[in-house]
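Colleague: Following this message is one structure expressed as structure tokens.
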Amino acid sequence: MGNNILYVEDNPDNMLLVQRALESRGYKLLKAENGLKGVTMAEAEEVDLILLDINLPDIDGYEVARRIRSSAKHALAYVPIIAVTANALKGDAEKALAAGCDVYMSKPINIRELWARVEAFVPSPLNK
Ligand code: MN
């Protein structure tokens, strides 16, 4: 298992925050700024975990999750997907799980929660 994490996120501030947080723990971040690019990158790259924003400018995160789970690339049936939801109280979380995400976290992103959620699936290279 590698340590490549794909983040599908259209907000540059969140992207930079997560990039800094994960690179400081030794992960490599692959970046997609919309849903279709996220699906394409998941299929083209070796990805060990996906962080998935729900509110995206093209297809939403639920559709991204459904396309990833139904991909012809077999590994994508099992790759961990963490949804990052802005409206956890409005049912986003349940819809994310129904779409194939494994777990969700709420915005604003808490760095310690991010580290814990990611490391639950992909150990930090710094701890090996
Ligand atoms: Mn967004």
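The values are calculated or read from the model by the stated rules, or taken from the named source; none is laboratory data. Quantities reported herein were computed from a predicted structural model and do not represent experimental measurements. Virtual Cβ from ideal backbone geometry, glycine too; neighbours counted across all protein chains shown. Calculation scope for accessible area: heavy atoms of the full protein, side chains included, ligands and nucleic acids excluded. Shrake-Rupley method; radii C 1.70, N 1.55, O 1.52, S 1.80 Å.
Colleague: From the protein chains alone at 1.4 Å, what is the descending order of accessible area for T40, T85, largest first? Provide the component values of the computation, followed by the final result.
Modeller: On the way: T40 85, T85 0 Å².
If we order T40, T85 from most to least accessible, we get T40, T85.
Colleague: How much length, in nm to one decimal, is gained on full extension between K73 and L16, taken as 0.36 nm per residue of separation minus their Cα-Cα distance?
Modeller: Taking K73 through L16 to full extension adds about 17.7 nm, to one decimal.
Colleague: Taking only Cα atoms and a 10 Å spring cutoff, compute GNM fluctuations for the chain and point out the largest among L16, L36, L56.
Modeller: L16
Colleague: N127 to D58: extension gain in nm, 0.36 nm per residue of separation minus the Cα-Cα distance? Mind dumping the intermediate values first?
Modeller: Details: separation 69, 0.36 × 69 = 24.84 nm, distance 3.71 nm.
This chain segment gains 21.1 nm when fully extended.
Colleague: Rounded to whole Å, give me the distance from the Cα center of the range 60-124 to that of the range 14-51.
Modeller: Cα centroid of the range 60-124 versus Cα centroid of the range 14-51: 12 Å apart.
Colleague: With unit charges on the beta carbons (Lys and Arg positive, Asp and Glu negative) and the dipole taken about the Cα centre of the range 4-120, which residue among A21, Y78, P57 sits farthest to the positive side?
Modeller: Toward the positive end, the furthest listed residue is Y78.
Colleague: Scan the range 46-128 for chymotrypsin sites (Phe, Trp or Tyr not before Pro) in coil per DSSP, keeping those whose Cβ has at most 12 other Cβ atoms within 10 Å, and list them by number. Before the final figure, lay out each step's value.
Modeller: Numbers: sites: Y62, Y78, Y104, W115, F121; in loops: Y78.
Here the sparse-neighbourhood loop sites are Y78.
Colleague: Per residue of the range 55-60, in order, report the coupling 6.51 cos²θ - 1.76 cosθ + 1.60 (Karplus, θ = phi - 60°) as ³J(HN,Hα) in whole Hz, putting x for Gly and Pro.
Modeller: 8, 10, x, 10, 7, 7
Colleague: Out of residues 5 or more away from M105 or on other chains, whose amide H comes under 5 Å of its own, with H placed 1.01 Å from N in the peptide plane?
Modeller: Sorted by chain and number, the residues that satisfy this are A83, V84, T85.
Colleague: Oh, and also: For the chain, modelled as a GNM with alpha-carbon contacts under 10 angstrom, which of K90, K107, K37 fluctuates the most?
Modeller: So, out of K90, K107, K37, the one fluctuating most is K90.
Colleague: Here's another thing I want to ask about it. Just by accessible area at a 1.4 angstrom probe, what is the order of R69, R112 from largest to smallest?
Modeller: Working: R69 55, R112 180 Å².
Greatest to least solvent exposure: R112, R69.
Colleague: When the chain is treated as a GNM, springs tying every alpha-carbon pair under 10 Å, which of A32, A77, A93 comes out with the largest mean-square fluctuation?
Modeller: Answer for the Gaussian network model of the chain: A77.
Colleague: Please give, to one decimal in nm, the separation of the simple spin-label points placed at K107 and K28, each 7 Å out from Cα toward the Cβ.
Modeller: Calculated label separation equals 2.8 nm.
Colleague: From the backbone phi of the range 35-46, what are the Karplus-calculated ³J(HN,Hα) couplings (6.51 cos²θ - 1.76 cosθ + 1.60, θ = phi - 60°) in whole Hz, Gly and Pro given as x?
Modeller: Here the 3J(HN,Hα) series is x, 5, 5, x, 4, 4, 5, 4, 7, 8, 10, 7 Hz.
Colleague: Under the Karplus relation 6.51 cos²θ - 1.76 cosθ + 1.60, θ = phi - 60°, what is the ordered set of whole-Hz ³J(HN,Hα) values for the range 114-121, x standing for Gly and Pro?
Modeller: Coupling constants for the range 114-121: 4, 4, 5, 5, 5, 5, 5, 9 Hz.
Colleague: Something else now. Protein chains only, probe 1.4 Å: how do S70, S106, S124, S24 rank by accessible area, largest first?
Modeller: On the way: S70 90, S106 45, S124 0, S24 70 Å².
In descending accessible area the options line up as S70, S24, S106, S124.
Colleague: Okay, next question. Which cross-chain or sequence-distant (5 or more) residues have an amide H under 5 Å from the amide H of L51, H modelled 1.01 Å from N in plane?
Modeller: Those lying under 5 Å, H to H, from L51 are L6, Y7, V8, I82.
Colleague: For the chain, what is the convex hull volume of the alpha-carbon atoms per residue, in Å³? Kindly include the intermediate steps, with their values, before the conclusion.
Modeller: Values: hull volume 11.3 nm³, N = 128.
Hull volume over Cα atoms, normalised by residue count, gives 88 Å³.
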